[in-house]
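S.K.: Below you will find the structure I want to go over with you.
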Amino acid sequence: MPLSGNAQPSVIHWRNALMAAYLASGLLISALVSRLPAVRDALDLDHATVGLLLLCMSAGSFLSVSVSGQLVLRLGAANVMRIAATLSGASSSLLA
């Protein structure tokens with residue numbers, strides 16, 4: 001994305017942090033989806049159960065979007081990003 005000449009450095013910093021967060025989220029989801037058949041076989045799950053788990057992931061996404069605004073108002077954007085990054089890292093380490 002081109003930078004405008006009058007953009008504040010803090011705005012550029014937050015934009016870059018947001019893009020990094022979206023990149024990390026996309027990488028985590030793509031890693032899970034690419035391993036989904038192996039995970040299904042290793043856990044001996046049928047297709048219906050895997051579909052239900054994917055539906056629950058979508059419902060969790062909707063719930064987190066609903067709650068995130070309130071968390072940002074109470075804790076601040078930087079604290080919410082720190083907590084989310086820590087939880088994402090911890091949960092992805094459980095997949096390994």
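S.K.: Would it be correct to say that LEU32 is out of contact with any Ser or Thr (no Cβ under 7 Å at 6 or more places or on another chain) and open to solvent by 50 Å² or more (accessible area, probe 1.4 Å)?
M.R.: It is false that LEU32 is out of contact with any Ser or Thr (no Cβ under 7 Å at 6 or more places or on another chain) and open to solvent by 50 Å² or more (accessible area, probe 1.4 Å).
S.K.: Which of the residues belonging to the stretch 38-69 are exposed (fewer than 10 other Cβ atoms within 10 Å of the Cβ) and over 16 Å from the mean Cα position of the chain (by Cα)?
M.R.: Scanning the stretch 38-69 gives ALA38, ASP41, ALA42, ASP44, ASP46, HIS47, ALA48.
S.K.: Something else about it: Go through the stretch 10-29 and report how many residues are under 19 Å from the mean Cα position of the chain (by Cα), without any contact (Cβ under 8 Å) to a residue 40 or more places away in the chain and open to solvent by less than 60 Å² (accessible area, probe 1.4 Å).
M.R.: 2
The values are calculated or read from the model by the stated rules, or taken from the named source; none is laboratory data. Here the structure is a predicted model, which is why all the values come from computation and not from measurement. All Cβ positions, glycine included, derive from the backbone under ideal geometry; neighbour counts span all protein chains shown. For the accessible areas, the whole protein counts, side chains as well, though only heavy atoms, and no ligand, DNA or RNA atoms are used. Shrake-Rupley method; radii C 1.70, N 1.55, O 1.52, S 1.80 Å.
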